[in-house]
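A short write-up of the structure that comes next.
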Amino acid sequence: MTSRPAVFLDRDGVINQAEIRDGAPRPPRDLEDFVLLPGVVEAVHLLRRAGFAIVIVTNQPDVARGDQRRSVVEAMNELVRQALEPDRIDVCYHDEADGCDCRKPAPGMLLAAAKDLALDLSASFMVGDRWRDIDAGRQAGCRTIFVDRGYAERQPAAPDAVVADLPEAVAWITTNVTQNQEARSA
């Protein structure tokens with residue numbers, strides 16, 4: 001099977017609006033609060049047309065903490081599935097103390113998707129709005145794009161690009177890939 005590139009997307013704060021509490025993003029509490037961000041549907045369609053697999057990778061520790069029901073998270077993911085038609089949605093329901101290999105910043109979700117979907121991680125990108133996303137992408141061997149929402153928390157170290165939103169990230173990806181292809185064929 002031939003491997004293909006992917007764009008891994010964090011969910012809350014990249015695809016949908018996050019709730020900001022104490023300067024940090026949190027997932028919506030209810031299905032009624034789940035709102036896709038402007039330009040996300042079009043941006044994902046551009047990535048798909050450019051040949052990328054689309055994989056959503058999201059930490060949802062509120063389930064382990066008892067602050068959210070798994071069924072609500074799954075209903076939100078179903079809205080994402082209907083709107084974006086990703087190749088895959090992976091969710092880590094663990095909390096930090098669980099010590100799993102899937103909770104970002106660990107690269108487990110990215111590595112599992114790469115194995116199952118025959119993805120080329122070295123040609124792939126991780127787009128996220130928190131340092132955990134960037135660290136997971138880097139550990140998996142992807143290029144990383146940080147969506148800077150101005151949160152009052154730890155910032156990622158040395159992402160490949162810093163952007164304001166997913167449409168800007170997609171513009172960076174498509175420009176970067178085109179430039180790399182032109183350089184190889186020159």
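Each value in this text was obtained by applying a stated rule to the coordinates, not by laboratory testing. Note that the structure is predicted; figures quoted are calculated from it, not measured. Here the Cβ is made from the backbone with ideal geometry for all residues, glycine too, and neighbour counts use every protein chain on show.
Summary of computed values
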{"item": "Structure-based [θ]222 nm, the chain - -39500 (n - 2.57) summed over DSSP H runs of at least 4, per residue, nearest 500", "result": "-11000 deg cm²/dmol"}
{"item": "Contour minus Cα-Cα distance for Ala83 and Ala112 (0.36 nm per residue)", "result": "8.1 nm"}
{"item": "Centre separation in Å (Cα based) which lies between the range 121-177 and the range 1-41", "result": "13"}
{"item": "From the coordinates shown, Cα extents along the principal axes in Å corresponds to which of (1) 55, 33, 31; (2) 44, 40, 32; (3) 56, 44, 22", "result": "(1)"}
{"item": "Burial ranking of peptide ranges 140-147, 118-125 (average Cβ count within 10 Å, highest at the top)", "result": "140-147, 118-125"}
{"item": "Acute angle (nearest 10 degrees) that the helix 166-185 long axis makes with the longest principal axis of the chain, alpha-carbon atoms", "result": "20"}
